[in-house]
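Read through the structure below, which is laid out as C-alpha coordinates, and then see the notes.
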Amino acid sequence: MTRPSFPDIPWPDTENGPRILGINPWITDFAAFNVWSRPVGLLACLDMLRNAGASVALMDCLDPTWEDIKWPAAGKYGTGHYPKKELELPDALSSMDRRYSRYGLPRDRVREALAAIDPPPDAVMVSSIMTYWYPGALDVLNIAAELWPDTPRILGGTYATLCTDHARKHANAHLIMQGTMENKSNWASIWAALNRPVPPLPDNAGLGLALDLYATPTYAPILGSRGCPFACEYCASRALYPRFTQGNAKAILNSIISEHTRGVRDFAFYDDALLVNPDCWLWPTLDGIQARNLDLRLHTPNAMHVRRLSLDVCHKLKQAGLTTVRLGLETTDFDNRHDVKLTRKEWEDGAHNLLESGFQLDDIGVYILFGLPGQNLDNVEQAVRHVRSFGFRPHLAHYTPIPGSPMFDEACKASPYPLADEPLCQNNSIWPCVPGNFDWDKARQWKYLLQGK
Ligand code: B12
Ligand code: SF4
(Lines give C-alpha, C1' and ligand atoms only; values in the text may rest on other atoms or scores of the structure.)
(Ligands and ions follow the chains in the order given, each with its own letter.)
Protein backbone atom coordinates (compact mmCIF):
# COMPACT_ATOMS: atom_id res chain seq x y z
CA MET A 1 0.00 0.00 0.00
CA THR A 2 1.36 3.43 -0.91
CA ARG A 3 0.70 6.15 1.61
CA PRO A 4 0.10 9.74 0.65
CA SER A 5 3.01 12.06 1.39
CA PHE A 6 3.46 13.89 4.64
CA PRO A 7 1.64 15.96 5.86
CA ASP A 8 -1.47 14.61 4.14
CA ILE A 9 -1.21 11.38 6.11
CA PRO A 10 -4.33 10.96 8.12
CA TRP A 11 -2.97 9.40 11.29
CA PRO A 12 -3.66 5.75 10.57
CA ASP A 13 -6.40 4.38 12.80
CA THR A 14 -5.41 2.59 15.92
CA GLU A 15 -7.88 1.79 18.62
CA ASN A 16 -6.48 4.02 21.32
CA GLY A 17 -2.80 4.01 20.50
CA PRO A 18 -0.69 7.13 20.89
CA ARG A 19 0.11 9.17 17.76
CA ILE A 20 3.86 9.39 17.40
CA LEU A 21 5.70 11.63 14.97
CA GLY A 22 9.26 10.65 14.02
CA ILE A 23 11.51 13.37 12.63
CA ASN A 24 14.81 12.84 10.83
CA PRO A 25 16.52 16.24 10.97
CA TRP A 26 18.61 18.04 8.40
CA ILE A 27 22.31 17.39 7.95
CA THR A 28 24.55 20.32 8.87
CA ASP A 29 28.00 19.86 7.39
CA PHE A 30 30.64 21.08 4.93
CA ALA A 31 29.49 18.48 2.42
CA ALA A 32 26.86 15.78 2.23
CA PHE A 33 26.16 13.16 -0.38
CA ASN A 34 23.29 10.74 -0.20
CA VAL A 35 24.65 7.20 -0.24
CA TRP A 36 21.29 5.42 0.09
CA SER A 37 20.83 7.15 3.40
CA ARG A 38 17.86 6.44 5.64
CA PRO A 39 17.42 7.07 9.36
CA VAL A 40 17.37 3.35 9.99
CA GLY A 41 17.47 3.67 13.80
CA LEU A 42 14.38 5.86 13.77
CA LEU A 43 12.63 3.56 11.29
CA ALA A 44 13.34 0.64 13.63
CA CYS A 45 11.85 2.58 16.55
CA LEU A 46 8.73 3.56 14.60
CA ASP A 47 8.25 -0.05 13.49
CA MET A 48 8.46 -1.28 17.09
CA LEU A 49 6.05 1.37 18.35
CA ARG A 50 3.56 0.68 15.59
CA ASN A 51 3.69 -3.05 16.25
CA ALA A 52 3.03 -2.26 19.91
CA GLY A 53 -0.17 -0.36 19.05
CA ALA A 54 0.98 3.20 18.29
CA SER A 55 0.09 5.16 15.20
CA VAL A 56 3.21 6.57 13.56
CA ALA A 57 4.13 9.19 10.95
CA LEU A 58 7.48 10.38 9.63
CA MET A 59 8.92 13.73 8.59
CA ASP A 60 12.27 13.04 6.96
CA CYS A 61 14.03 16.33 6.22
CA LEU A 62 16.37 14.40 3.88
CA ASP A 63 13.60 13.05 1.66
CA PRO A 64 12.10 15.14 -1.20
CA THR A 65 8.60 14.53 0.28
CA TRP A 66 6.70 17.08 -1.82
CA GLU A 67 6.51 17.14 -5.60
CA ASP A 68 7.21 20.87 -5.91
CA ILE A 69 10.49 20.72 -3.97
CA LYS A 70 13.53 21.14 -6.23
CA TRP A 71 15.90 18.28 -5.61
CA PRO A 72 19.11 17.55 -7.51
CA ALA A 73 18.62 14.73 -10.02
CA ALA A 74 19.51 11.29 -8.70
CA GLY A 75 22.92 9.96 -9.62
CA LYS A 76 24.14 6.43 -10.03
CA TYR A 77 21.76 3.78 -8.68
CA GLY A 78 19.71 6.33 -6.73
CA THR A 79 22.54 8.04 -4.83
CA GLY A 80 22.79 11.80 -5.13
CA HIS A 81 23.06 15.33 -3.81
CA TYR A 82 20.74 17.16 -1.45
CA PRO A 83 19.52 20.72 -1.83
CA LYS A 84 21.40 22.99 0.55
CA LYS A 85 21.22 26.35 2.25
CA GLU A 86 24.46 27.94 3.35
CA LEU A 87 24.69 28.72 7.06
CA GLU A 88 27.11 30.71 9.11
CA LEU A 89 29.96 28.64 10.45
CA PRO A 90 29.34 27.59 14.04
CA ASP A 91 31.82 29.19 16.48
CA ALA A 92 33.67 25.93 17.09
CA LEU A 93 34.45 25.63 13.36
CA SER A 94 35.04 29.31 12.64
CA SER A 95 38.69 28.75 11.70
CA MET A 96 37.64 26.66 8.70
CA ASP A 97 37.89 28.18 5.26
CA ARG A 98 34.96 26.13 3.94
CA ARG A 99 31.25 26.60 3.38
CA TYR A 100 28.92 25.05 5.89
CA SER A 101 25.32 24.26 4.96
CA ARG A 102 22.05 22.77 6.04
CA TYR A 103 21.13 19.94 3.67
CA GLY A 104 17.62 18.73 2.90
CA LEU A 105 14.13 20.23 2.77
CA PRO A 106 13.65 23.98 3.21
CA ARG A 107 13.35 24.75 6.92
CA ASP A 108 10.27 26.98 6.50
CA ARG A 109 8.46 24.32 4.58
CA VAL A 110 9.11 21.74 7.28
CA ARG A 111 7.98 24.10 10.01
CA GLU A 112 4.83 24.93 8.08
CA ALA A 113 3.99 21.26 7.56
CA LEU A 114 4.54 20.47 11.22
CA ALA A 115 2.39 23.43 12.27
CA ALA A 116 -0.44 22.04 10.13
CA ILE A 117 -0.62 18.82 12.11
CA ASP A 118 -3.88 18.89 13.95
CA PRO A 119 -4.36 17.70 16.61
CA PRO A 120 -0.71 17.72 17.77
CA PRO A 121 1.11 14.41 18.07
CA ASP A 122 1.25 12.63 21.43
CA ALA A 123 5.04 12.42 21.19
CA VAL A 124 7.82 13.59 18.90
CA MET A 125 10.84 11.37 18.34
CA VAL A 126 13.93 12.95 16.84
CA SER A 127 16.83 10.90 15.49
CA SER A 128 20.53 11.72 15.24
CA ILE A 129 22.80 9.82 12.85
CA MET A 130 26.28 11.41 13.10
CA THR A 131 27.32 12.99 16.39
CA TYR A 132 28.48 16.16 14.62
CA TRP A 133 25.13 16.62 12.84
CA TYR A 134 23.50 17.48 16.17
CA PRO A 135 22.59 21.11 15.22
CA GLY A 136 19.80 19.80 12.96
CA ALA A 137 18.38 17.70 15.79
CA LEU A 138 18.49 20.61 18.25
CA ASP A 139 16.79 22.86 15.70
CA VAL A 140 13.95 20.41 15.06
CA LEU A 141 13.47 19.91 18.81
CA ASN A 142 13.16 23.68 19.22
CA ILE A 143 10.58 23.87 16.45
CA ALA A 144 8.57 21.09 18.10
CA ALA A 145 8.82 22.85 21.47
CA GLU A 146 7.51 26.09 19.97
CA LEU A 147 4.62 24.36 18.21
CA TRP A 148 3.60 21.92 20.90
CA PRO A 149 5.16 22.82 24.25
CA ASP A 150 3.28 20.07 26.10
CA THR A 151 4.09 17.21 23.74
CA PRO A 152 6.91 14.95 24.99
CA ARG A 153 10.03 15.33 22.86
CA ILE A 154 12.40 12.38 22.75
CA LEU A 155 15.89 12.42 21.27
CA GLY A 156 17.73 9.21 20.38
CA GLY A 157 20.36 7.78 18.02
CA THR A 158 24.13 8.10 17.68
CA TYR A 159 24.56 11.62 19.10
CA ALA A 160 22.18 10.95 22.01
CA THR A 161 23.99 7.67 22.76
CA LEU A 162 27.62 8.73 22.39
CA CYS A 163 27.41 12.38 23.49
CA THR A 164 24.71 12.03 26.14
CA ASP A 165 26.06 14.70 28.48
CA HIS A 166 26.30 17.22 25.67
CA ALA A 167 22.74 16.38 24.57
CA ARG A 168 21.43 16.71 28.14
CA LYS A 169 22.94 20.16 28.30
CA HIS A 170 21.87 21.46 24.89
CA ALA A 171 18.83 19.56 23.61
CA ASN A 172 15.36 20.87 24.29
CA ALA A 173 13.97 17.39 24.94
CA HIS A 174 12.09 15.68 27.75
CA LEU A 175 13.98 12.46 27.28
CA ILE A 176 17.48 11.81 25.91
CA MET A 177 17.66 8.14 25.14
CA GLN A 178 21.03 6.44 25.38
CA GLY A 179 21.30 3.16 23.44
CA THR A 180 18.73 1.04 21.70
CA MET A 181 15.03 1.67 22.18
CA GLU A 182 14.34 -2.03 22.53
CA ASN A 183 16.32 -2.40 25.74
CA LYS A 184 14.02 -2.98 28.67
CA SER A 185 14.46 0.27 30.55
CA ASN A 186 14.39 2.45 27.42
CA TRP A 187 11.24 0.74 26.22
CA ALA A 188 9.63 1.40 29.59
CA SER A 189 10.72 5.05 29.62
CA ILE A 190 9.13 5.71 26.21
CA TRP A 191 5.78 4.50 27.48
CA ALA A 192 6.21 6.39 30.73
CA ALA A 193 6.74 9.58 28.68
CA LEU A 194 3.51 8.78 26.86
CA ASN A 195 1.80 8.10 30.17
CA ARG A 196 0.69 4.65 29.01
CA PRO A 197 1.19 1.14 30.34
CA VAL A 198 4.21 -0.66 28.89
CA PRO A 199 3.19 -3.14 26.17
CA PRO A 200 5.29 -6.24 25.44
CA LEU A 201 8.16 -5.69 23.06
CA PRO A 202 7.05 -6.84 19.58
CA ASP A 203 8.73 -9.65 17.63
CA ASN A 204 11.71 -8.65 15.51
CA ALA A 205 12.24 -5.51 17.64
CA GLY A 206 15.31 -3.62 16.49
CA LEU A 207 15.49 -5.31 13.11
CA GLY A 208 12.13 -4.52 11.45
CA LEU A 209 11.97 -1.14 9.64
CA ALA A 210 8.93 1.04 8.89
CA LEU A 211 9.95 1.52 5.25
CA ASP A 212 6.36 2.04 4.12
CA LEU A 213 6.46 5.52 5.69
CA TYR A 214 8.15 6.71 2.50
CA ALA A 215 5.52 7.38 -0.15
CA THR A 216 7.69 7.03 -3.25
CA PRO A 217 11.00 5.44 -2.34
CA THR A 218 13.68 4.99 -4.97
CA TYR A 219 15.98 2.93 -2.76
CA ALA A 220 15.76 1.04 0.51
CA PRO A 221 18.07 -0.14 3.28
CA ILE A 222 18.41 -3.78 4.30
CA LEU A 223 19.23 -4.46 7.94
CA GLY A 224 19.99 -8.12 8.56
CA SER A 225 22.00 -7.81 11.75
CA ARG A 226 22.97 -5.49 14.57
CA GLY A 227 26.43 -4.98 16.00
CA CYS A 228 29.73 -6.55 15.11
CA PRO A 229 31.80 -9.38 16.66
CA PHE A 230 35.04 -7.41 16.12
CA ALA A 231 36.38 -4.41 17.98
CA CYS A 232 38.46 -2.20 15.71
CA GLU A 233 40.10 0.65 17.54
CA TYR A 234 38.60 3.50 15.53
CA CYS A 235 35.04 2.17 15.55
CA ALA A 236 32.10 2.76 17.89
CA SER A 237 30.02 -0.24 16.85
CA ARG A 238 30.45 -1.90 20.27
CA ALA A 239 29.51 1.26 22.16
CA LEU A 240 26.34 1.52 20.11
CA TYR A 241 25.43 -2.15 20.24
CA PRO A 242 27.62 -4.41 22.40
CA ARG A 243 26.32 -7.74 21.04
CA PHE A 244 26.03 -9.29 17.59
CA THR A 245 22.46 -10.22 16.66
CA GLN A 246 21.36 -11.61 13.35
CA GLY A 247 17.85 -11.40 11.94
CA ASN A 248 15.43 -13.79 10.41
CA ALA A 249 15.77 -14.44 6.67
CA LYS A 250 12.03 -14.67 6.10
CA ALA A 251 11.32 -11.24 7.59
CA ILE A 252 14.25 -9.67 5.72
CA LEU A 253 13.19 -11.20 2.41
CA ASN A 254 9.59 -10.06 2.95
CA SER A 255 10.77 -6.53 3.54
CA ILE A 256 12.78 -6.64 0.28
CA ILE A 257 9.85 -8.11 -1.67
CA SER A 258 7.47 -5.52 -0.31
CA GLU A 259 9.77 -2.62 -1.31
CA HIS A 260 10.43 -4.25 -4.69
CA THR A 261 6.67 -4.43 -5.29
CA ARG A 262 6.56 -0.67 -4.64
CA GLY A 263 9.09 -0.14 -7.42
CA VAL A 264 12.37 -0.07 -5.45
CA ARG A 265 15.30 -1.56 -7.37
CA ASP A 266 18.29 -0.36 -5.32
CA PHE A 267 18.91 -1.89 -1.90
CA ALA A 268 21.77 -1.03 0.45
CA PHE A 269 22.99 -3.27 3.25
CA TYR A 270 23.40 -1.42 6.55
CA ASP A 271 25.13 -4.29 8.35
CA ASP A 272 28.44 -3.90 10.11
CA ALA A 273 29.39 -7.55 9.62
CA LEU A 274 27.47 -8.67 6.55
CA LEU A 275 29.57 -11.72 5.75
CA VAL A 276 29.85 -13.14 9.27
CA ASN A 277 27.80 -16.32 9.67
CA PRO A 278 26.02 -15.81 6.32
CA ASP A 279 24.07 -19.08 6.59
CA CYS A 280 21.90 -17.46 9.22
CA TRP A 281 20.13 -14.92 6.99
CA LEU A 282 22.26 -13.65 4.11
CA TRP A 283 22.38 -16.77 1.96
CA PRO A 284 18.73 -17.73 2.52
CA THR A 285 17.74 -14.15 1.69
CA LEU A 286 19.83 -14.08 -1.48
CA ASP A 287 18.47 -17.52 -2.47
CA GLY A 288 14.95 -16.11 -2.02
CA ILE A 289 15.76 -13.14 -4.26
CA GLN A 290 17.04 -15.46 -6.97
CA ALA A 291 14.19 -17.96 -6.64
CA ARG A 292 11.74 -15.10 -7.29
CA ASN A 293 13.88 -13.69 -10.06
CA LEU A 294 13.72 -10.20 -8.53
CA ASP A 295 15.49 -7.70 -10.74
CA LEU A 296 17.33 -5.53 -8.26
CA ARG A 297 20.72 -4.11 -7.44
CA LEU A 298 22.38 -4.67 -4.08
CA HIS A 299 24.93 -2.27 -2.66
CA THR A 300 27.39 -2.47 0.23
CA PRO A 301 28.28 1.16 1.01
CA ASN A 302 29.36 0.16 4.48
CA ALA A 303 32.19 -2.08 3.20
CA MET A 304 32.60 -5.83 3.39
CA HIS A 305 35.32 -7.83 5.11
CA VAL A 306 37.77 -8.74 2.34
CA ARG A 307 39.05 -11.89 4.01
CA ARG A 308 35.58 -13.44 3.67
CA LEU A 309 35.52 -12.97 -0.11
CA SER A 310 36.18 -16.52 -1.26
CA LEU A 311 35.39 -17.32 -4.88
CA ASP A 312 32.20 -19.04 -3.80
CA VAL A 313 31.06 -16.05 -1.72
CA CYS A 314 31.82 -13.64 -4.60
CA HIS A 315 29.83 -15.78 -7.06
CA LYS A 316 26.85 -15.92 -4.71
CA LEU A 317 26.88 -12.16 -4.20
CA LYS A 318 27.23 -11.48 -7.91
CA GLN A 319 24.43 -13.84 -8.90
CA ALA A 320 22.03 -12.27 -6.40
CA GLY A 321 22.61 -8.79 -7.83
CA LEU A 322 25.42 -7.21 -5.81
CA THR A 323 26.45 -4.18 -7.87
CA THR A 324 28.24 -1.56 -5.78
CA VAL A 325 31.08 -3.18 -3.91
CA ARG A 326 32.89 -1.36 -1.12
CA LEU A 327 35.82 -3.03 0.58
CA GLY A 328 37.49 -2.20 3.86
CA LEU A 329 41.22 -2.36 3.12
CA GLU A 330 42.05 0.58 5.46
CA THR A 331 45.84 0.26 5.05
CA THR A 332 48.50 -1.71 3.19
CA ASP A 333 50.73 -1.58 6.27
CA PHE A 334 49.47 -5.08 7.07
CA ASP A 335 51.64 -5.52 10.18
CA ASN A 336 50.39 -2.38 11.92
CA ARG A 337 46.64 -2.45 11.70
CA HIS A 338 44.14 -1.03 14.17
CA ASP A 339 41.40 -3.39 13.10
CA VAL A 340 40.26 -6.77 11.86
CA LYS A 341 43.29 -8.76 10.82
CA LEU A 342 43.80 -8.87 7.08
CA THR A 343 46.94 -10.29 5.53
CA ARG A 344 48.31 -9.17 2.18
CA LYS A 345 47.49 -12.60 0.78
CA GLU A 346 43.88 -12.43 2.00
CA TRP A 347 43.49 -9.00 0.46
CA GLU A 348 44.94 -10.05 -2.88
CA ASP A 349 42.89 -13.26 -2.98
CA GLY A 350 39.67 -11.37 -2.17
CA ALA A 351 40.42 -8.80 -4.87
CA HIS A 352 41.13 -11.48 -7.50
CA ASN A 353 38.01 -13.45 -6.54
CA LEU A 354 35.84 -10.40 -7.08
CA LEU A 355 37.27 -9.82 -10.52
CA GLU A 356 36.96 -13.46 -11.45
CA SER A 357 33.29 -13.37 -10.46
CA GLY A 358 32.57 -10.66 -13.02
CA PHE A 359 32.24 -7.48 -10.94
CA GLN A 360 32.85 -4.27 -12.87
CA LEU A 361 36.04 -2.47 -11.89
CA ASP A 362 34.06 0.76 -11.89
CA ASP A 363 31.74 -0.50 -9.17
CA ILE A 364 34.50 -1.60 -6.80
CA GLY A 365 35.63 1.03 -4.32
CA VAL A 366 38.22 0.46 -1.63
CA TYR A 367 38.27 2.42 1.62
CA ILE A 368 41.63 3.55 2.95
CA LEU A 369 41.74 5.22 6.34
CA PHE A 370 43.15 8.71 6.33
CA GLY A 371 44.00 10.91 9.28
CA LEU A 372 44.33 8.54 12.23
CA PRO A 373 46.21 9.99 15.21
CA GLY A 374 49.94 9.73 14.54
CA GLN A 375 49.42 8.15 11.11
CA ASN A 376 52.25 8.32 8.59
CA LEU A 377 50.53 9.70 5.51
CA ASP A 378 53.18 8.11 3.24
CA ASN A 379 51.49 4.81 4.05
CA VAL A 380 48.16 6.22 2.88
CA GLU A 381 49.79 7.26 -0.38
CA GLN A 382 51.24 3.78 -0.82
CA ALA A 383 47.83 2.22 -0.19
CA VAL A 384 46.22 4.50 -2.78
CA ARG A 385 48.79 3.50 -5.40
CA HIS A 386 48.42 -0.16 -4.48
CA VAL A 387 44.62 -0.04 -4.89
CA ARG A 388 44.91 1.77 -8.21
CA SER A 389 47.31 -0.89 -9.44
CA PHE A 390 44.40 -3.37 -9.21
CA GLY A 391 42.21 -1.00 -11.24
CA PHE A 392 39.93 -0.41 -8.24
CA ARG A 393 38.81 3.01 -7.06
CA PRO A 394 40.52 4.13 -3.86
CA HIS A 395 38.33 6.14 -1.46
CA LEU A 396 39.82 7.96 1.47
CA ALA A 397 37.74 7.22 4.57
CA HIS A 398 38.54 10.29 6.60
CA TYR A 399 39.00 9.30 10.21
CA THR A 400 36.20 10.39 12.55
CA PRO A 401 37.13 10.40 16.23
CA ILE A 402 34.09 8.87 17.93
CA PRO A 403 33.37 8.90 21.65
CA GLY A 404 33.06 5.33 22.87
CA SER A 405 35.61 4.00 20.38
CA PRO A 406 38.86 2.57 21.85
CA MET A 407 40.96 5.15 19.98
CA PHE A 408 39.05 8.19 21.17
CA ASP A 409 41.39 9.15 24.04
CA GLU A 410 44.40 8.97 21.76
CA ALA A 411 42.54 11.10 19.22
CA CYS A 412 41.75 13.72 21.88
CA LYS A 413 45.45 13.92 22.76
CA ALA A 414 46.49 14.23 19.10
CA SER A 415 43.99 16.91 18.16
CA PRO A 416 44.09 20.65 18.82
CA TYR A 417 40.27 20.59 18.80
CA PRO A 418 38.18 19.95 21.95
CA LEU A 419 36.87 16.65 20.59
CA ALA A 420 35.32 15.41 23.83
CA ASP A 421 33.50 18.62 24.67
CA GLU A 422 32.31 19.74 21.27
CA PRO A 423 30.94 17.05 18.93
CA LEU A 424 31.14 19.47 15.97
CA CYS A 425 34.90 18.92 16.15
CA GLN A 426 34.41 15.18 15.55
CA ASN A 427 33.59 16.01 11.93
CA ASN A 428 36.06 14.19 9.68
CA SER A 429 35.97 17.07 7.16
CA ILE A 430 38.19 19.16 9.44
CA TRP A 431 40.84 16.40 9.55
CA PRO A 432 40.75 16.69 13.32
CA CYS A 433 43.83 14.54 14.03
CA VAL A 434 46.02 15.46 11.04
CA PRO A 435 48.85 17.84 11.94
CA GLY A 436 47.86 21.24 10.52
CA ASN A 437 44.30 19.98 10.00
CA PHE A 438 42.28 20.57 6.80
CA ASP A 439 44.08 22.41 4.05
CA TRP A 440 42.75 23.12 0.52
CA ASP A 441 46.12 22.57 -1.19
CA LYS A 442 46.68 19.25 0.49
CA ALA A 443 43.08 18.23 -0.19
CA ARG A 444 43.63 18.96 -3.89
CA GLN A 445 46.85 16.91 -3.92
CA TRP A 446 45.02 13.96 -2.40
CA LYS A 447 42.23 14.33 -4.95
CA TYR A 448 44.71 14.21 -7.82
CA LEU A 449 46.45 11.21 -6.33
CA LEU A 450 43.12 9.39 -6.04
CA GLN A 451 42.40 10.20 -9.69
CA GLY A 452 45.83 8.95 -10.70
CA LYS A 453 46.97 12.37 -11.96
C1 B12 B 1 24.92 2.17 7.75
C2 B12 B 1 25.96 3.17 8.18
C3 B12 B 1 26.37 4.12 7.26
C4 B12 B 1 25.74 4.25 5.88
C5 B12 B 1 24.44 5.03 5.92
C6 B12 B 1 24.36 6.08 7.03
C7 B12 B 1 23.08 6.88 7.05
N8 B12 B 1 21.99 6.42 7.55
O9 B12 B 1 23.08 7.96 6.57
C10 B12 B 1 26.88 4.94 5.10
C11 B12 B 1 27.73 3.87 4.47
C12 B12 B 1 26.46 5.93 4.03
C13 B12 B 1 27.67 5.57 6.23
C14 B12 B 1 28.57 6.57 6.01
C15 B12 B 1 29.35 7.13 6.99
N16 B12 B 1 29.43 6.73 8.27
CO17 B12 B 1 28.28 5.38 9.04
N18 B12 B 1 27.42 3.96 9.87
C19 B12 B 1 26.50 3.15 9.49
C20 B12 B 1 26.23 2.11 10.61
C21 B12 B 1 26.99 0.84 10.23
C22 B12 B 1 24.82 1.69 10.88
C23 B12 B 1 23.83 2.75 11.33
C24 B12 B 1 22.49 2.12 11.50
O25 B12 B 1 21.56 2.46 10.79
N26 B12 B 1 22.36 1.16 12.43
C27 B12 B 1 21.13 0.41 12.67
C28 B12 B 1 20.16 1.12 13.63
C29 B12 B 1 18.93 0.28 13.85
O30 B12 B 1 20.85 1.31 14.87
P31 B12 B 1 20.92 2.74 15.60
O32 B12 B 1 21.04 3.81 14.60
O33 B12 B 1 21.93 2.65 16.66
O34 B12 B 1 19.45 2.88 16.24
C35 B12 B 1 19.08 2.38 17.51
C36 B12 B 1 19.39 3.34 18.66
O37 B12 B 1 20.38 4.29 18.37
C38 B12 B 1 18.06 3.96 19.01
N39 B12 B 1 17.64 5.12 18.21
C40 B12 B 1 18.02 5.50 16.98
N41 B12 B 1 17.35 6.60 16.60
C42 B12 B 1 16.51 6.93 17.59
C43 B12 B 1 15.61 7.98 17.74
C44 B12 B 1 14.88 8.09 18.92
C45 B12 B 1 13.94 9.23 19.09
C46 B12 B 1 15.05 7.13 19.96
C47 B12 B 1 14.29 7.26 21.21
C48 B12 B 1 15.96 6.09 19.82
C49 B12 B 1 16.68 5.99 18.65
O50 B12 B 1 17.17 2.88 18.78
C51 B12 B 1 17.55 2.27 17.53
C52 B12 B 1 17.04 0.86 17.46
O53 B12 B 1 17.72 0.03 18.35
C54 B12 B 1 26.87 2.82 11.85
C55 B12 B 1 27.49 1.89 12.87
C56 B12 B 1 26.48 1.27 13.77
N57 B12 B 1 26.71 0.03 14.10
O58 B12 B 1 25.51 1.90 14.17
C59 B12 B 1 27.93 3.71 11.20
C60 B12 B 1 28.27 5.04 11.84
C61 B12 B 1 26.98 5.75 12.24
N62 B12 B 1 28.91 5.76 10.75
C63 B12 B 1 29.94 6.45 11.12
C64 B12 B 1 30.81 7.15 10.24
C65 B12 B 1 32.09 7.68 10.81
C66 B12 B 1 30.49 7.32 8.89
C67 B12 B 1 31.29 8.13 7.87
C68 B12 B 1 31.77 9.47 8.33
C69 B12 B 1 32.44 7.23 7.41
C70 B12 B 1 33.53 7.88 6.64
N71 B12 B 1 34.69 8.01 7.27
O72 B12 B 1 33.35 8.29 5.55
C73 B12 B 1 30.31 8.24 6.68
C74 B12 B 1 29.64 9.62 6.63
C75 B12 B 1 28.19 9.61 6.33
C76 B12 B 1 27.67 10.65 5.43
N77 B12 B 1 28.32 11.77 5.18
O78 B12 B 1 26.60 10.46 4.92
C79 B12 B 1 30.13 6.38 12.63
C80 B12 B 1 29.53 7.57 13.40
C81 B12 B 1 30.44 8.75 13.51
C82 B12 B 1 29.89 9.82 14.35
N83 B12 B 1 30.77 10.70 14.77
O84 B12 B 1 28.73 9.90 14.66
C85 B12 B 1 29.40 5.03 12.94
C86 B12 B 1 28.86 4.91 14.35
C87 B12 B 1 30.41 3.89 12.63
C88 B12 B 1 31.69 3.94 13.40
N89 B12 B 1 32.79 4.19 12.73
O90 B12 B 1 31.77 3.74 14.57
N91 B12 B 1 27.39 5.01 7.42
S1 SF4 C 1 35.20 -1.31 11.81
FE2 SF4 C 1 33.80 -2.81 10.99
S3 SF4 C 1 34.73 -4.81 11.57
FE4 SF4 C 1 35.67 -3.26 12.85
S5 SF4 C 1 34.43 -3.24 14.74
FE6 SF4 C 1 33.63 -1.62 13.39
S7 SF4 C 1 32.01 -2.60 12.28
FE8 SF4 C 1 33.24 -4.26 13.16
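Below are the figures for this structure:
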| read-out | value |
| --- | --- |
| Search result, residues across region 357-376 that are surrounded by fewer than 13 Cβ atoms within 10 Å (Cβ to Cβ) and under 23 Å from Y77 (Cα atoms) | G358, Q360, L361, D362 |
| Close pairs (6 angstrom Cβ cut-off, 6 or more residues apart or separate chains): farther than 15 Å from W26 by Cα in region 95-121, outside any loop (DSSP other than H, G, I, E, B) and not small (G, A, S) anywhere | R99/E86; A115/L147; P121/R19; P121/L21 |
| Entirely in region 201-255, the strands (runs of 3 or more DSSP E) that have 2 or more residues that are more than 27 Å from D60 (Cα to Cα) and at pLDDT below 95 | none |
| In region 389-426, the residues that are modelled with pLDDT of 95 or more, assigned to a loop (DSSP other than H, G, I, E, B) and in contact with a Leu (Cβ under 6 Å, 6 or more places away or on another chain) | Y399, P401, P403, G404 |
| Among residues of region 25-43, those that are within 8 Å of ligand 1 (Cβ to nearest atom) and either of a type in the set (A, V, I, L, M, F, W, C) or in a strand (DSSP E or B) (or both), counted | 11 |
| Considering residues of region 168-185 that are free of Cβ contacts under 8 Å to residues at least 24 places away in the same chain and outside any loop (DSSP other than H, G, I, E, B) only, the residue farthest from D139 (Cα to Cα) | K184 |
| Some residue of region 177-194 being among the polar types (S, T, N, Q), within 18 Å of the chain's Cα centre (by Cα), at pLDDT 95 or above and within 14 Å of ligand 2 (Cβ to nearest atom) | no |
| Residue satisfying condition, being at pLDDT below 95, surrounded by fewer than 22 Cβ atoms within 10 Å (Cβ to Cβ) and either within 21 Å of the chain's Cα centre (by Cα) or within 28 Å of N186 (Cα to Cα) (or both), within set G80, G53 | G53 |
| Residue in region 297-316 that is part of a strand (DSSP E or B), in contact with a strand residue (DSSP E or B) (Cβ under 9 Å, 6 or more places away or on another chain) and within 12 Å of ligand 2 (Cβ to nearest atom) present | yes |
| Selection within region 238-273 - more than 27 Å from M177 (Cβ to Cβ) and either in contact with a Cys (Cβ under 6 Å, 6 or more places away or on another chain) or not β-branched (V, I, T) (or both) | A249, K250, L253, N254, S258, E259, H260, R262, G263, R265, D266, F267 |
| Qualifying residue in region 253-269 (condition: within 16 Å of ligand 2 (Cβ to nearest atom) and within 24 Å of R292 (Cα to Cα)) | yes |
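The values are calculated or read from the model by the stated rules, or taken from the named source; none is laboratory data. Keep in mind that what you see is a predicted model, and the values were worked out from it rather than measured. Note that each Cβ is placed from the backbone with ideal geometry, even for glycine, and that neighbours are counted across all protein chains shown.
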